[in-house]
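Presented below is the structure to which this report refers.
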Amino acid sequence: MKHIFLFCICAFSTLLLLSSCHHDEPGNPFKPLDKRTVLVLSTDGEIFDQHGELVTQLPNCTYANEIIADGNDYFVSGVQSKDRVGYWKNGKWSTLHIDFIDDVDHWTYGIGKWDYYIFLLDIPNVLKNSGIFPLEKYHDFIPANHGLRVSEGKCYVIGYAFGDDENDDSYYKPVLYTNYKKEYLPMPEGVKTGECHAIYAYNRDHTLIGGCIDGMPAVWVDKQYQIYPTTSNDATEGRIDAITMNQGHIYGAGWERKDDGSLVATLWTDGVPTHYLSGNPGVTSSQAQEIYSYDQDVYVLTSEYYSELDLDITHLWLNGKIIMSYNGIHAIGFTVL
């Protein structure tokens, strides 16, 4: 009986150990609000905090694409001016030593993590532990911005491409790669066009994917589509460019297009749209570009354009309220440490 009891204890401990390894994010406890640092990344490699202070300028940066956090470290993918493939860790450049079989200048387009780091290179390649894995049937694939996610070692890449049938070469189809294998996501019967622009992956086999179907905002929950409404009849189109889940609720951030052609930053909460606008006069166009859930809080990054001033202003939102504005900054993403 004693041996059986010890065996059960060991088995239960092993199960706990294994289950503890199946998390997408680091096991560190969430920090309280006053202990967090938000890092906002501009396209030219400037990183600002939630108080508007410049944290660092990434060295030799031609174009920055995405920033992610891992504990107290942050990683940035993008293009370095010296034509080397790699990433910036905590503001310092790290070159990836890879032997390519072609003569093309490659660069990191996106970055994901789970025990190790995975990079989306110039299509059609995914780099995993310095091994290169080509995406299947990539000939016309266009990746989404921030279109790479990893959940418990499973790699997802999203975007859009022309269909494989000869009659589909005039319309984009929503594409999901799972461990480099390609599939087209479903759409309503008779609809010809759709695109994937945002992904949130969790518990290894589950995905939330945002984008558009026939010009309307759409979300695929575990590959099942839902077409979202716009706020009013004068919003003729819409698209979801960032997506997350928090406390069981699905948040999609993007834009609506009005009859006059202008874009309006919009957040969908479980399919219900709300405009995310500063209320400042003179805004001619706006978009919600990125969204991030941390503990019970939801952060959103929006950009507003003032045509008379030829000025971009980026706004950082926390739970529906602006906590910082960045004048003249074109931000591409953010993360929370």
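Here are the numbers for this structure:
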| quantity | calculated |
| --- | --- |
| Residue satisfying condition, being β-branched (Val, Ile, Thr), free of Cβ contacts under 8 Å to residues at least 24 places away in the same chain, touching an Asp or Glu at 6+ places or on another chain (Cβ under 9 Å) and part of a strand (DSSP E or B), within set THR266, THR236, THR207 | THR236 |
| In segment 210-225, residue nearest to the chain's Cα centre (by Cα) [restricted to those that are surrounded by fewer than 14 Cβ atoms within 10 Å (Cβ to Cβ) and in a strand (DSSP E or B)] | VAL221 |
| Index of the failed condition, PHE162 passing every other in (1) closer than 18 Å to PHE119 by Cβ; (2) touching a helix residue (DSSP H, G or I) at 6+ places or on another chain (Cβ under 9 Å); (3) hydrophobic (A, V, I, L, M, F, W, C) | (1) |
| Residue under evaluation GLY190, criteria (1) surrounded by 15 or more Cβ atoms within 10 Å (Cβ to Cβ); (2) of a type outside the set (S, T, N, Q); (3) at pLDDT below 95, criterion not met | (1) |
| Only one of THR236, THR274 that is among the β-branched types (Val, Ile, Thr), at pLDDT 95 or above and touching a Ser or Thr at 6+ places or on another chain (Cβ under 9 Å) | THR274 |
| Odd one out for GLY261 among (1) at negative phi; (2) surrounded by fewer than 21 Cβ atoms within 10 Å (Cβ to Cβ) | (1) |
| Wholly enclosed strands (runs of 3 or more DSSP E) of segment 145-199 bearing at least 3 residues at positive phi | none |
| Residue within segment 249-257 that is touching a Pro at 6+ places or on another chain (Cβ under 9 Å), modelled with pLDDT of 95 or more and assigned to a loop (DSSP other than H, G, I, E, B) present | no |
| Where VAL104 falls short, out of the listed (1) more than 21 Å from ILE329 (Cβ to Cβ); (2) modelled with pLDDT of 85 or more | (2) |
| Options VAL283, VAL298, VAL336; residue that is aliphatic (A, V, I, L, M) and farther than 23 Å from GLY71 by Cα | VAL283 |
| Residues located in segment 77-99, provided they are in contact with an Asp or Glu (Cβ under 7 Å, 6 or more places away or on another chain) and modelled with pLDDT of 90 or more | SER77, LYS89, ASN90 |
| Cross-chain or 6+ apart pairs with Cβ under 7 Å, segment 89-105 first and surrounded by 14 or more Cβ atoms within 10 Å (Cβ to Cβ), then aliphatic (A, V, I, L, M) and modelled with pLDDT of 65 or more | GLY91/LEU58; LEU96/VAL85; LEU96/LEU127; ILE98/VAL85; ILE98/LEU127; ILE98/ILE132 |
| Residue satisfying all of: in segment 276-327; of a type in the set (D, E, K, R), touching a residue at least 24 places away in the same chain (Cβ under 8 Å) and part of a strand (DSSP E or B); surrounded by the fewest Cβ atoms within 10 Å (Cβ to Cβ) among these | ASP297 |
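The values are calculated or read from the model by the stated rules, or taken from the named source; none is laboratory data. Not measured: the values here are computed from a predicted model. All Cβ positions, glycine included, derive from the backbone under ideal geometry; neighbour counts span all protein chains shown.
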